[in-house]
Amino acid sequence: GIRRLRGLWGSYNAVKALKKDLVWFYNVPHTRLVDDKGGQNWISKKGKDKFSFPGGGTQFIHGADQYLNQISKMVPEITFGQHIRVVLDVGCGVASFGAYLLSRNVITMSIAPKDVHENQIQFALERGVPAMAAAFATRRLLYSSQAFDLIHCSRCRINWTRDDGILLLEVNRMLRAGGYFAWAAQPVYKHEQALEEQWEEMLNLTTRLCWTLVKKEGYIAIWQKPFNNSCYLSREAGTIPPLCDPNDDPDNVWYVDLKACISRIPENGFGANIAPWPARLQTPPDRLQSIHIESYIARKELFKAESKYWNEIVASYVRALHWKKYKLRNVMDMRAGFGGFAAAMIDNQLDAWVLNVVPVSGPNTLPVIYDRGLIGVMHDWCESFDTYPRTYDLLHAAGLFSVERKRCNMSTIMLEMDRILRPGGRAYIRDSLDVMDELQDIAKAMGWHPTLRDTSEGPHASYRILSLDRRRMEEDIRHIEVLREI
């Protein structure tokens, strides 16, 4: 085992931010995708130590960049980086679609319903592209309602019309009012009886969903979701699928089964009226008013105060801790609130994307995070997080442990952090003084290097900052060898 670690670790030791089209081979030592998809320009082996991603794909005949240009030309209202800021890519392959959208100021959550080609999500994360394994199966995905401005499926191998369209209804739940669904698949363009029947079934279903087929060109069809419920309410009685019960909460996603009904659009227009990017990042969204929180001040003032608070803190991290020298790509905020930390990362021009995690133990602020043009997910930190090991460069946790220790063991969360953080990566825990001694003991037992610092409030404040450096592999090997001698 030690010898194998020595052989592999040249890759893990170099956590430098390579361009999105190159990753180290030994970080993801799988060649099946090269064998299966190399001819489609997905991925190729470059020399002995790297994979390269030319930007192709099953449907990206002329490359992902030109494919994005085609979508913009088909529907001029699809303005990437302005009205289209947050995208979901279903069946993402190696996430070239999302990788090329990053340069257009669009953040894309790339998901693989079935990660069949040996760790294609891990490839995406190695590229520094947001990605998760998320199966369209029996439960809601862990994203809020009206989260995505555009949802994309290119040969994602999902039968959208089965079971009364229950999977497309989940897409409809997550799609913002007035948002777009882009489908690139054989039924769109091939003239074979079985495929033409599939196309007719899709047309029939989307019509009953009140989606408008905006454009069909070549192998791409693009629909638009309505802005309000008027079309739903004017359908003939008994039309399938029905509207969901008014008491159904479309933002309730933790272990919630899929429902064969149409999620209602809020009558007050919440979720539909979003400022274009980048103004939406600091614009308090309407859906702030629907968040169930106890607050002594108005929600908009709370939103602005949180943004200012994190902007000052991240700016101090940049100045005092030299964050711009870190090679950050994948960052996670483990208790995100309204997404103020992620917004501050953008405002301070740190070149990394942030996954905002909203714990189930607190208020569901996820709709606000998406309305700001950020991405996030619901999670229970008493359970493991659905990602591959060694995939995040930095973990940030503010006030997490003092809340979650009432529900589960703090060492459980720390061990999960150890699993998903890269060797050489860092964690910053900002929490109350009464949890710091135990956290330091746990960190030392795991072989991390903890450093306790005062906050800007000074040594008499009730909060501290615990910065943790995850040892690199050479140190891990020495640690293992010392344990063996003991």
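Could you grab the relative contact order for segment 279-477? Cα pairs under 8 Å, six or more apart, rounded to a whole percent.
Values: 337 pairs, mean separation 33.3, N = 199.
About 17 percent, as a whole number.
Rounded to the nearest 20, the Cβ-based charge dipole of segment 60-179 about its Cα centre (Lys and Arg +1, Asp and Glu -1) stands at 120 debye.
Arrange the peptides 127-134, 324-331 so that the one whose residues have, on average, the most other Cβ atoms within 10 Å appears first.
The densest-packed peptide leads the list: 127-134, 324-331.
Would you mind working out the accessible area per residue for segment 352-415, using a 1.4 Å probe, and quoting it in Å²?
Working: 1670 Å² over 64 residues.
It amounts to 26 Å² per residue over segment 352-415.
Expressed as a whole percent, the accessible surface of segment 279-477 that belongs to carbon and sulfur atoms is 49, based on a 1.4 Å probe.
Within the assembled protein chains, the solvent-accessible surface assigned to T108 is about 0 Å², based on a 1.4 Å probe. Placing unit charges on the Cβ atoms only, positive for Lys and Arg and negative for Asp and Glu, gives segment 279-477 a dipole magnitude near 540 debye about its Cα centre.
Given Cα pairs under 8 Å that are at least 6 residues apart, what percent is the relative contact order of segment 78-158? Intermediate results must be reported in sequence, preceding the final value.
Numbers: 137 pairs, mean separation 30.0, N = 81.
So the answer I get is 37 percent.
Any idea what log10 I(q)/I(0) is at q = 0.15, 0.16, 0.17 Å⁻¹ for segment 279-477, Debye with uniform C-alpha scatterers and no solvent? Scattering profile of segment 279-477, log10 relative to I(0): -0.95, -1.09, -1.24.
For a 23 Å ceiling on Cα separation, which of these pairs sit above it: K190/K215; K324/K444; K225/K308; K225/K259; K73/K259? Working shown, then result.
Details: K190/K215 16 Å; K324/K444 27 Å; K225/K308 35 Å; K225/K259 18 Å; K73/K259 35 Å.
The answer is K324/K444; K225/K308; K73/K259.
Under the criterion of Cα pairs below 8 Å and six or more residues apart, the relative contact order for segment 179-243 equals 38 percent.
The values are calculated or read from the model by the stated rules, or taken from the named source; none is laboratory data. Note that this is a predicted model, so its numbers are computed, not measured. Ideal geometry is used to build each Cβ from the backbone, glycine not excepted, and the neighbour counts take in all protein chains shown. Keep in mind that these areas ignore ligands, DNA and RNA; they rest on the heavy atoms of the full protein, side chains included. Shrake-Rupley method; radii C 1.70, N 1.55, O 1.52, S 1.80 Å.
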